[in-house]
Amino acid sequence: MTEIPKEEFILKCTSACAGCPSTLILRYVLKAAGSDTVLVVPACCTSVIQGIYPNTAVNVPLYNVAFAAAAACASGMSEAFQKAGKKTNVIVYAGDGGTVDIGIQALSGAFERETDFLYICYDNEAYGNTGMQRSGSTPIGARTTTTPGGKVHAKKDLDAIVAAHNPSYLATACAAYPQDLFKKVQKALTLRGSKFIHVLAPCPPGWRFSSEMTVEMGKLAVRSGLWILYESEFGKVTINGPSKAAMIKPVPIEDYLSVQGRFKGIDRKAIDALKSQAEQRAKHLQKEAEGIC
Amino acid sequence: MSTRPAISRPIKGASGKTGSWRVFKPVVDKERCNACGICAMFCPDAAISEDLVVDLDFCKGCGICAHECPKKAISMEREEK
C-alpha cells in the first residue's frame, strides 16, 4: 500500500453538505499532487464550497473561472508555466456539467493541443450546485428536478469521447476508493501530455440517500458493474481489482438502485437499459484490456 | 477607477464552525476501536485527526465514519441542545 501523506490541503472546513464526496475526492487529489499545484475550477459545487470571501478553505492557488472555459484557461496556465521553466501541476477540477455539457468544447480543444495538464471530472450525474437539474451525465431512469418522471435518454459516454483524443492517461475512479484515486492522480502527474480522470461522486441530497451512505453508494456502483474502475495508459487498458471482481460476481443492479430516492419508481425497461449498457461497456473494456480491439 | 482583485486567503474556519450543523454526533467507543484509521480516511472534511479524535467544532455529523467502521466502534448520538 502506498503511503498517503498526512498533510491536508483542505483546511477545516468547506461549506459542502454533510457527507459530500467532492471534498473527499479533492482531499486525495491534493494529497497526491502536493503544494506545487494550481487548481482551475469552473462553476460547480467546488466553486461555492470554498468558504466566504475573503477567506477560503483551499490551501493551494485556485482559479475560479467561467463554466465553459476551464480547460482553455488551464491550457494557457500550463503553457505559461512551461515557458517560465516551472513544473507546477495544473489541475482542472470540474463537475459533470462543466465537463460533459458546457465545458466539452474547451476540453476537446485542450486535449487536441496535447496540453500538459490533468483534467478531473467529479461526476454526480446532475447539476448539483443549482438544485439537481438533469445533465448529459444523468443515467437513464433517474429523477431530477427537470426530469421528474425519470430521464429517458442514456448517460453520455464521456470516457469514450475523451479516449477518442488519444490522451496519455485516462482513468476512472470513485470516491469510495480514495487509495485507488490517490495512486491514479500520482501516476497521471508523472506523465506528460493531457490526462483525464473521471471520478464518480455519489451526492447525498441529489441522489436522495442519507449522508452516511456516500461511501457505501460508491462501493455499490462499482460492485454492481455500473461504474467500472479502469485506467488507460497511452491506450493500454487495465481493469482495476474491484471491477475485475465485480465482472466475475456482480451484486444485483437493483441493490444499487433501490437505495436511491432518484430511482424510485423506475420501470423495468429503464433497468434493463442500464443493465445492458453496463454489460456492453464491460465487454468492450475486457476486449480492450486483452488487446483485441 | 481602480479595481481590487477578488482574492481569498486560506484560513481555518473559512466557512464558520460547521459543527453547528450537526444533529447527530459521532461517539467513539475506545474499547472496540482498533485504530485502523478507516474513519479518518473517509471523513470528507478531514475532521478526524491522526490520533482519531473527532474535531467537534467542524464535524458536520454526516455519519460516514460510523457507517464505515469495521469494528462498529462509532455510534451516532443525538446532539444535546
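Since every read-out is calculated from the coordinates, none of them should be taken as a lab result. What you are looking at is a predicted structure, and each value in this text was computed from that prediction instead of being measured. In this analysis, Cβ positions are derived from the backbone assuming ideal geometry, glycine residues included, and neighbour counts consider all displayed protein chains.
Across all Cα pairs in chain A, the calculated P(r) in 10 Å bins from zero up to the longest distance comes to 6, 30, 38, 22, 4, 0 percent per bin. Distance from the Cα centroid of the range A:40-66 to that of the range A:182-236 is 22 Å (rounded to whole angstrom).
Nearest 20 debye, what's the magnitude of the dipole of chain A about its Cα centre given +1 on Lys and Arg Cβ and -1 on Asp and Glu Cβ?
Numbers: 32 positive and 26 negative charges, 55 e Å.
In total the dipole reaches around 260 debye.
Excluding same-chain neighbours fewer than eight residues apart, the aspartates and glutamates reachable from A:Lys86 by a Cα-Cα span under 20 Å are A:Asp36, A:Glu114, A:Asp116.
Taking the Cβ of A:Phe263 as the center, what net charge do the other residues with Cβ under 10 Å away carry, scoring Lys and Arg +1 and Asp and Glu -1? Neighbourhood net charge equals +3.
With both residues required to sit in the range A:17-144, DSSP beta bridges show an antiparallel share near 10%.
Where both residues lie in the protein assembly as shown, what percent of DSSP beta bridges are antiparallel, nearest 5? Before the final figure, lay out each step's value.
On the way: 15 of 42 bridges.
If we restrict to bridges inside the protein assembly as shown, about 35 percent are antiparallel.
One Cα centroid belongs to the range A:14-38, the other to the range A:94-165; the line between them spans 20 Å.
Taking 20 Å as the limit for the C-alpha separation, the pairs A:Lys151/A:Lys184; A:Lys156/A:Lys187; A:Lys31/A:Lys87 exceed it in the case of A:Lys151/A:Lys184; A:Lys156/A:Lys187. Listed by chain and number, the lysines whose C-alpha is less than 20 Å from the C-alpha of B:Lys72, apart from same-chain residues fewer than 8 away, are A:Lys219, B:Lys25, B:Lys30, B:Lys60. For the listed residue pairs A:Lys155/A:Lys264; A:Lys183/B:Lys12; A:Lys195/A:Lys275, the alpha carbons are over 21 angstrom apart in A:Lys183/B:Lys12; A:Lys195/A:Lys275.
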